[in-house]
Amino acid sequence: DDEWLPEKLANSVVHFDDEATCLVSHNYLRVEDGRETEVDCTQRLCDGADPYLALLRGNFIDTSSVVARRAAVVDAGGFDESLPSAQDHALWLAMTAKPGARPVVFARALSRYHIHPGSISSSVELRRECALRILLGELHRIRLRSSFPLAAAWRRA
């Protein structure tokens, strides 16, 4: 029930000219209770020099907005089907943790993310549980990438 706007794909694929680009995403429109709000994903990516650590702090990449290199998805292990929620966040972390890998997030809202009662997005407890599982699984990478790994983990927790 999420949707791509007509110009989404054409505006995304141009970013794959750079071989380091593992995935391309963009801002999106969040639709809830009949209201549409643009979510600025680009600002959160720019919160730090390391896109992996920015993504660790919070998944700001909407799955419906992503176009990714197949090889990067396969190399990262694909979606973790054991997670009932946040499989996308775990995958984006694995993809951006690879040496030289770079996500591109650009500032156009080219998809709509519809929130419905009973959807996974509305289950705060399930999302919290999965976020903790992902954080625990990422501790080894956090130690390698952050000068202050406990602070980085604490911010996410």
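For the reader, a short list of remarks on this structure follows.
- Given charges at Cβ of Lys, Arg, Asp, Glu: the chain dipole, positive-most of 68, 116, 55: 55
- Each 10 Å bin, from zero up to the one with the longest distance, holds this percent of the alpha carbon pairs of segment 1-70: 18, 48, 30, 4, 0.
- Taking the helices alone, the chain has a mean residue ellipticity at 222 nm of -12000 deg cm²/dmol, built from -39,500 (n - 2.57) per DSSP H run of at least 4 residues and averaged over all its residues.
- Relative contact order of segment 1-155, defined on C-alpha pairs under 8 angstrom at six or more residues apart (%): 33
- The residues of the chain have, on average, 56 Å² of accessible surface per residue, using a 1.4 Å probe with all protein chains present.
- The region of the chain that goes longest without hitting one of the GluC sites (Glu not before Pro) in a DSSP loop, each with at most 15 other Cβ atoms within 10 Å, is 82-157.
- Cleavage-rule hits, chymotrypsin sites (Phe, Trp or Tyr not before Pro), segment 1-102, DSSP coil, Cβ neighbours within 10 Å at most 15: 79
- Cα-centre dipole for segment 48-157 with unit charges at Cβ (Lys and Arg positive, Asp and Glu negative), debye to 20: 360
- Globularity index of segment 78-157 is 1.25 (Cα radius of gyration / 2.2 N^0.38 Å, N = number of residues).
- Gyration tensor over alpha-carbon atoms, the chain, equivalent ellipsoid semi-axes in Å: 24, 20, 14
The values are calculated or read from the model by the stated rules, or taken from the named source; none is laboratory data. Quick caveat: nothing in here was measured; it's all calculated off a predicted structure. Cβ sites come from the backbone with ideal geometry, for glycine too, and all protein chains shown count toward neighbours. These accessible areas exclude ligands, DNA and RNA; they are computed on the full protein's heavy atoms, side chains included. Shrake-Rupley method; radii C 1.70, N 1.55, O 1.52, S 1.80 Å.
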